[in-house]
Amino acid sequence: MKISLNWIKKYVFPLEISENEISNILTDIGLTTKKVFSINKDFILDIEITPNRTDAMSHYGVARDLYTVLKFRGYKVHLLKPIINKDKTDDLCNQSDIHIFMKKNEKYIRYSGILISKIKTKPSPYWLISRLKSIGIKSINNIIDTINFVMYELGQPIHIFDMDKIEGKKIIIKNAEKGTDFQLSNNIRLKLNEKDLVIYDSVKPLSIAGIINNPISSINMKTKNIFIGSACFHSNIIRDIIKRHSIKIETQHLFEKENDPNQTVNALQRTVFLIKEIMNNKIEYSKIIDFYPNPTSLPKIKLRYNKIINTIGKKISKKKIKKILLLLEIIILYENDKYLFISVPSYRTDVKREIDVIEEILRIYGIHQITVYNKMKIPTLHKCFYKTEYEIQKILFEQLVCYGFQEIISSTMVNEDKYSSLFNSFFNRKEIKVLNPINHNHKIMRSSLLFSMIDCIKYNYNNNRTDSIIKFFELGKVYYKNNRKFLEKTYLGISISEKNKIGSKNYPFFYLKGVIEQIFQKSGICNYTQILSKHPLLENGISILYNQKKLVELGKFKKIILKKNEIFYAEIDWKYLVSIIQKKKITYIPFSKYPSSRRDLSLLVDKTVSFEKMNQLIKKKENHIIKKIKIYDLYEGENLPVSKKSYTVSFFFESEKKTLTNKIINISMKEIEFFLKKELKAEIRKKT
């Protein structure tokens, strides 16, 4: 967006500021200049305005913002508002009123218009030509130039029609009918649809939302009477139209923004004033016709003093806060010792919340005045290091719910089942039978959460649940007898059931394993190992050990149990998990300021060698610069011996003392290769 400094000087007066001071102040809002006011030449600044700051997309908007900063910092400046026409006149002489018709629709906020007669279209005065030329706008004639001047001055879109070409003296704003033809000035026709907002007269379309006019309705050198319209439509509607029809015009950024509905009348009054000045008061004009069915209420916000301090990080006096609000034209409706109740001006369409007001206070106060401390304060990542079991349960349950799991609570009494007998015999457990059960079909106390989880999943599918994937979790107790002792243990069961197979058949397994690893990360559990599971009811399962003690059992139910659906299940020893978390201590390890490097290694090993075995072997080998090892790819099959499989492993190197050179990393990689060849009889295939 191009801004003329001489143009801005018309509004901010006087500016008796040194070169360095004005340079520093303008830098705060994106403008940097040298010797701006010590010479008579104009300076054109190409500035970038963030899309939310629509109030600053004009010369007066930038001047108003600059005035606020200068005034707060103690400079003696005044803000001169553009002069507008305030004459109260009768309707146009010998002209019938024009009527505006607009359906009550949330798309249309406000539409204002005025008729001007006895105009003479001729070249513009020098001052107007030079103002527009300074920002790259070519002069056309005095009427069009005045419209462009007001748009760049106030940031309000305006359009103009030849009044004598408006059929029926009617302005009708509505959505186009599908297939409507619209003629452009470059002999291109557009096909409009019902989503396009169009300004019609009683016969034909005059303009697409005021953005681009039908050449028939445009003014020319013979035009004597004009109608000027100033509209406020919802910005998303305008953006859709511009995108749909690939419309590109110089004032596009003004139409696409969220306009101030209270600016439409001011823009017309300003336009009339300038045309009168140019025409030496030899024009006649009507009263402004204003259609504003649902006036927009000003946002009202509760601004708390303690919130300002906590957000900014510094205590700003109440007097300074009120001064900033006053300069920003924010009205204080009510105040007490704890908060202010304020009303935001309509042109600040970006200020809608308390935090937005605080941002404005900080911006005017100056972020450079906020002390930056040398020490950085950050919260700990592991938030579940609490002492009580309830707090741990709450944190981990919230985590599972965030992953899309639903908690279930099932009965502790289950039916006698041959698979439960298989399960108990494998773990050397004996079932506990209730002598006088409430339901004779459920007379055994469950020895695992597995079977109640299956019953719940079956119930959901049998009752027409449409989800293709069901995710459940349950925290519950299991009961069994071992060596003549009655025991009860608490487990956290997590399951994923897939009704119709989606994607890779192993995807749910790896997803569930990832959920378990996220729970471990949240709990601060790092040094765990995994081995192949020997669980009698799970296939291709793994057991996760911590300090050589089983913590998790994970795998897929065998097909003999569930023939239609697949269930992937993980069972966590809850009491053991809680005890690990409660013993954990928070330790801080600073991040290395040196970069990490990655090397990939492809190797051929025997099928019996698991990645975990390889991982543990490498970890035991003392190499302090290896920070992480990840499996990148696993391949078995064609072009490989039957007894072999291929791993691609990624090694991540990092030092806390220095930047690692290629020489150091290559030496370390050679040591790893030699070690793997010796311990696993691996064959190196490729390294990168």
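The values are calculated or read from the model by the stated rules, or taken from the named source; none is laboratory data. All of these numbers come straight from a predicted model, not from anything done at the bench. Here the Cβ positions follow ideal geometry from the backbone for every residue, glycine too, while neighbour counts run over all protein chains shown.
See the values below:
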{"read-out": "Any hit, region 306-327, residues being out of contact with any His (no Cβ under 6 Å at 6 or more places or on another chain), loosely packed, with under 15 Cβ neighbours inside 10 Å, of a type outside the set (Asp, Glu) and in a strand (DSSP E or B)", "value": "no"}
{"read-out": "Region 442-469 residues that are assigned by TED's automatic domain parsing to the domain that holds Phe509, paired with ones that are of a type in the set (A, V, I, L, M, F, W, C) and assigned to a helix (DSSP H, G or I) (beta carbon under 9 Å, 6 or more apart)", "value": "Ser447/Phe423; Ser448/Phe423; Leu450/Phe423; Phe451/Phe423"}
{"read-out": "From the options Val357, Val372, Val351, residue that is in a loop (DSSP other than H, G, I, E, B), surrounded by 17 or more Cβ atoms within 10 Å (Cβ to Cβ) and either among the aliphatic types (A, V, I, L, M) or touching a Gly at 6+ places or on another chain (Cβ under 7 Å) (or both)", "value": "Val351"}
{"read-out": "Residue list for region 440-468, filter: under 42 Å from the mean Cα position of the chain (by Cα) and within 18 Å of Leu554 (Cα to Cα)", "value": "Leu449, Leu450, Ser452, Met453, Ile454, Ile457"}
{"read-out": "Residues satisfying the stated conditions in region 136-159, i.e. among the aliphatic types (A, V, I, L, M) and closer than 27 Å to Ser346 by Cα", "value": "Ile147, Val150, Met151, Leu154, Ile158"}
{"read-out": "Positions within region 605-629 being under 19 Å from Glu671 (Cβ atoms) and out of contact with any helix residue (DSSP H, G or I) (no Cβ under 9 Å at 6 or more places or on another chain), in sequence order", "value": "Asn615, Gln616, Lys619, Lys620, Glu622, His624, Lys627, Lys628"}
{"read-out": "Members of region 198-207 found to be crowded, with 23+ Cβ neighbours inside 10 Å and either in contact with a helix residue (DSSP H, G or I) (Cβ under 6 Å, 6 or more places away or on another chain) or not assigned by TED's automatic domain parsing to the domain that holds Phe233 (or both), listed by number", "value": "Leu206"}
{"read-out": "Per-region count, region 448-484, residues in a helix (DSSP H, G or I) and not hydroxyl-bearing (Ser, Thr, Tyr)", "value": "10"}
{"read-out": "Wholly within region 126-193, strands (runs of 3 or more DSSP E) carrying at least 2 residues that are more than 16 Å from Ile116 (Cα to Cα)", "value": "170-175, 180-183, 189-192"}
{"read-out": "Pick from region 332-352, criterion touching a residue at least 24 places away in the same chain (Cβ under 8 Å) and touching a strand residue (DSSP E or B) at 6+ places or on another chain (Cβ under 7 Å), ranking: farthest from Val69 (Cα to Cα)", "value": "Lys338"}
{"read-out": "Unique residue being part of a strand (DSSP E or B) and under 27 Å from the mean Cα position of the chain (by Cα) when the list is Leu303, Leu254", "value": "Leu303"}
{"read-out": "Ser297 vs. criteria without any contact (Cβ under 8 Å) to a residue 12 or more places away in the chain, under 36 Å from the mean Cα position of the chain (by Cα) and at positive phi", "value": "no"}
{"read-out": "Cβ pairs under 6 Å, 6+ apart, first in region 626-650 and surrounded by 11 or more Cβ atoms within 10 Å (Cβ to Cβ), second part of a loop (DSSP other than H, G, I, E, B)", "value": "Lys627/Glu654; Lys645/Lys607; Lys645/Glu636"}
{"read-out": "Which numbered condition Asn220 misses (of (1) within 30 Å of Ser4 (Cα to Cα); (2) at pLDDT below 85)", "value": "(2)"}
{"read-out": "Verdict on Ile237 being in contact with a helix residue (DSSP H, G or I) (Cβ under 8 Å, 6 or more places away or on another chain), among the aliphatic types (A, V, I, L, M), at pLDDT below 90 and surrounded by fewer than 22 Cβ atoms within 10 Å (Cβ to Cβ)", "value": "no"}
{"read-out": "Region 651-686, subset part of a loop (DSSP other than H, G, I, E, B) and surrounded by 14 or more Cβ atoms within 10 Å (Cβ to Cβ), residue modelled with the lowest pLDDT", "value": "Ala682"}
